[in-house]
1. Does the stretch 30-40 hold any residues that are assigned to a loop (DSSP other than H, G, I, E, B) and closer than 18 Å to Tyr8 by Cα, and which are they?
2. Restricting the search to the stretch 68-87, which residues are surrounded by 15 or more Cβ atoms within 10 Å (Cβ to Cβ) and touching an Asp or Glu at 6+ places or on another chain (Cβ under 6 Å)?
3. In the stretch 88-99, is there at least one residue being out of contact with any helix residue (DSSP H, G or I) (no Cβ under 9 Å at 6 or more places or on another chain), small (Gly, Ala, Ser), at pLDDT 95 or above and surrounded by fewer than 18 Cβ atoms within 10 Å (Cβ to Cβ)?
4. Out of Pro43, Pro55, which single residue is closer than 19 Å to Leu95 by Cα, modelled with pLDDT of 95 or more and not in a strand (DSSP E or B)?
5. Give the residue, chosen from Asp30, Asp15, that is at pLDDT below 90 and charged (D, E, K, R).
6. Restricting to the stretch 58-81, count the residues that are in a loop (DSSP other than H, G, I, E, B), closer than 20 Å to Val6 by Cα and of a type outside the set (Lys, Arg).
7. Could you tell me how many of the residues in the stretch 10-29 are exposed (fewer than 15 other Cβ atoms within 10 Å of the Cβ) and part of a strand (DSSP E or B)?
8. Tell me which residues, restricted to the stretch 30-40, are over 13 Å from Ile91 (Cβ atoms), surrounded by 13 or more Cβ atoms within 10 Å (Cβ to Cβ) and not polar (S, T, N, Q).
Amino acid sequence: MWNDDVEYIELIKNDRGLGFSILDYQDPVDPKSAVIVVRSLVPKGVAEQDGRITPGDRLVSVNNKSIKNATLDEAVQALKGTLPGPVKLGICKPLSSCRPSGSASAQSFSDT
């Protein structure tokens with residue numbers, strides 16, 4: 001479960017990407033849906049150096065485009081479709097007592 005408050009984080013995408021990978025989890029609230037979650041950070045990548053995104057965070061938008069009901073492939077395309085430079089990410093943090101649980105897809109994406 002994630003906080004409903006969206007935190008907007010702007011990262012500067014470089015030629016190595018944004019420095020994190022994502023995967024999709026079965027939504028614990030709606031088992032027919034999936035949520036996009038940060039899987040890991042690339043060591044010394046943009047996201048790790050910025051410090052505001054952590055594994056387990058839910059990604060809900062890319063450059064003000066909602067990906068709340070997106071498939072993993074659609075989320076990957078939203079991230080890959082961004083140009084080098086500023087990228088605005090909408091992030092929901094996990095509730096303090098919860099970390100993602102449920103079914104995770106075997107497919108993941110790294111933008112590096």
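The values are calculated or read from the model by the stated rules, or taken from the named source; none is laboratory data. Keep in mind the model is a prediction, meaning the values are calculated, not measured. Please note: Cβ atoms are built from the backbone with ideal geometry, for glycine as well, and neighbour counts cover all protein chains shown.
1. Those that are assigned to a loop (DSSP other than H, G, I, E, B) and closer than 18 Å to Tyr8 by Cα: none in the stretch 30-40.
2. Scanning the stretch 68-87 gives Leu72, Leu79.
3. Looking for residues that are out of contact with any helix residue (DSSP H, G or I) (no Cβ under 9 Å at 6 or more places or on another chain), small (Gly, Ala, Ser), at pLDDT 95 or above and surrounded by fewer than 18 Cβ atoms within 10 Å (Cβ to Cβ), one finds none in the stretch 88-99, hence no.
4. Values: Pro43 fails: closer than 19 Å to Leu95 by Cα.
Result of the check over Pro43, Pro55: Pro55.
5. On the way: Asp15 fails: at pLDDT below 90.
Result: Asp30 is the single residue among Asp30, Asp15 that is at pLDDT below 90 and charged (D, E, K, R).
6. Let us first name the residues in the stretch 58-81 that are in a loop (DSSP other than H, G, I, E, B), namely 63-64, 67-71, 81.
Those left that are additionally closer than 20 Å to Val6 by Cα: 63-64, 67-71.
Checking the rest, the ones that are also of a type outside the set (Lys, Arg) come to 63-64, 67, 69-71.
Summing the residues that are in a loop (DSSP other than H, G, I, E, B), closer than 20 Å to Val6 by Cα and of a type outside the set (Lys, Arg) in the stretch 58-81 gives 6.
7. Residues that pass the stated criteria total 3.
8. Passing the criteria: Ala34, Arg39.
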